[in-house]
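The values are calculated or read from the model by the stated rules, or taken from the named source; none is laboratory data. Keep in mind that what you see is a predicted model, and the values were worked out from it rather than measured. Note that we place each Cβ from the backbone using ideal geometry, even for glycine, and neighbour counts take in every protein chain shown.
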Amino acid sequence: MLWFALHLPLLSLEAFCATLSPQAQQRPVALLAGHAISAVNAAAAQCGIRPGCKRATALALSSQLLLAEADAQRDAAALLAVAHAALAFTPSVCLHDGQTVLLEVQASLRLFGGAAALLARLQQAVQPLGHQLQLAAAPTALGAAVLARWHPPAVQGPQVLGPQASQRAALQRLLQAAPVYLLGPGREHWDDLQGMGLQTLGDLRALPRTGLARRFGEALLDELDRAWGDRPDPRVWLQLPERFEARLELYARADTADQVLHGASVLLARLVAWAQARQSRVAAFSLFMHHEARHRGSAPAATELPIALAEPALDPAHLQMLLRERLGPLQLAAPTLELRLHCQHLVQGSAPNGELFPSRASAAEGLTRLLERLRARLGDAQVLQLRAVADHRPEYASRALPVQALVPRPPLAPGSVPGTRGSPRAGGAGPGPAPAPARGLPVSPVSGLPVSPARGLPGTPAPVVPLPLHRPAWLMPEPLPLAERDGQPLLDGQLLQLLSGPERIETGWWDGQPVARDYFIAQAPDGALVWIWRGRLPAAWGDVNWFLQGRFA
């Protein structure tokens, strides 16, 4: 077996500083446990503040000191996010002593290309969470945890690789020099052990076991044996929740969207770690902003911001960008004290592979990202798409629907061409089933009409012959009346030349909006093609007979 240990020596301080603004993080910061300082940042250490000193002493050393109480629940939530990131590489993950995550990775080495490659991938996955790590590898779980806690950081940085021992003999040699206080019972009896001159685990191993057990209890020997590998060390594996739910209490109330976004970025990083552990991508999530009660007034207790992605993603920067677009125009109903992120909409499977050269798929991805930004900034109701409707009337042949509406694509009118706003088939009488194909002839998948077999060698399959485009893509919002001269239509005072037609459309009896029109394709003197029609019942339109319906590009 091979165990990796991820020790977070500054977990409590980092979990608290994540709620601070970038300006506040530059100040001296210290955490209190009871009435004594338990953790300090670099700025506070430069002022002479050390863990263990009293609160009054720390304030006397720095008037700019930012003090806060240590919170075990906040630390546990931060450690759990690191464990979720580790679950993306092995299902055998457990927590240890509130500051360490243990991974049994023997079965994952071949998949990720060895211990060094796996360790590099693990560091990369944990980096967005913003924690300093001390890492170690050992054949026993407790041995790896001891080595990770014992090895001091050689340089300042987000990750520091500690001792590694792939064999049990090598681990035991390293543990010989490890301090006694790295074991739980050793910390409890540290003063007595130090008074007896017992500084290292090797010193304990050299003493008679019966005397140690009588003096310090069986727990000390039990941990010593489990670290050495002489006794089994069963662990309870961490179970990944089905839904993501994370809270973050802000140190100071957030009055602006930028302050909310800074705190939400911490939750988004944890969301991505959870989704990666489930081998999935995020399709939608919701941010809840819990407001301060005394400033809330008639405002709700919490404001929900739902974010739906057009394409599931795992990129924290992309998720944060969508949230920024949504928060930009938002006016907070009241100051925000706590954030909660909820997600249960996932898409199973890994993200698509990147491409060396641009393709249709990459172009579509760019369009998808653009639509997501527009929806986040303008709202879902403001970003629409056209869907074809089975109707021969041009003004009713399409419908504007929200982009995110997952409605089935309506069937096209018989004989219509996909991508146009209506049907070129003359004489339509309303929606209905497609005409039955002629016996023995293949059917075009584009138009649904029978096509003639290809002329050529026997056995040659019939080609798909799409119908020509009879309708323009640019339609007028309302038909534009045209003047006429001697019964011929005029556009901008110039006579139009009729090129094709008439295409007769008589339909609409089912909704009380019947039409009876003859459509023509006409050419202006400058060569532009237009789509015009003439009513079959001129009395219904007064003295106007001709109308402009659209223009060809």
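When the strands (runs of 3 or more DSSP E) confined to segment 319-413 are screened for residues that are at pLDDT 75 or above and farther than 30 Å from ALA516 by Cβ, those reaching at least 3 such residues are found at 336-348. Looking across GLY229, GLY197, GLY184, one residue alone is surrounded by 15 or more Cβ atoms within 10 Å (Cβ to Cβ) and not assigned by TED's automatic domain parsing to the domain that holds THR336. It is GLY229. Return a yes/no flag: does segment 86-105 have any residue that is out of contact with any strand residue (DSSP E or B) (no Cβ under 6 Å at 6 or more places or on another chain), at pLDDT 90 or above, among the aliphatic types (A, V, I, L, M) and assigned to a helix (DSSP H, G or I). Checked segment 86-105: no residue is out of contact with any strand residue (DSSP E or B) (no Cβ under 6 Å at 6 or more places or on another chain), at pLDDT 90 or above, among the aliphatic types (A, V, I, L, M) and assigned to a helix (DSSP H, G or I).
Of all residues in segment 61-74, one or more are within 26 Å of the chain's Cα centre (by Cα) and at pLDDT 90 or above.
Note on segment 217-236: residues that are touching a Leu at 6+ places or on another chain (Cβ under 8 Å) and under 17 Å from ALA178 (Cβ atoms) total 9. In contact (Cβ under 8 Å) with a residue 40 or more places away in the chain and either over 13 Å from LEU142 (Cβ atoms) or not hydrophobic (A, V, I, L, M, F, W, C) (or both): does that describe GLY217? No, not satisfied. LEU118 passes every criterion in (1) assigned to a loop (DSSP other than H, G, I, E, B); (2) within 24 Å of the chain's Cα centre (by Cα) apart from (1). Residues in segment 121-134 that are in contact with a strand residue (DSSP E or B) (Cβ under 8 Å, 6 or more places away or on another chain) and assigned to a helix (DSSP H, G or I): LEU122, GLN123, VAL126, GLN127. Kindly establish whether ARG50 is of a type in the set (D, E, K, R), in a helix (DSSP H, G or I) and on the phi < 0 side of the Ramachandran plot. Here the answer is no, as ARG50 does not meet what is asked.
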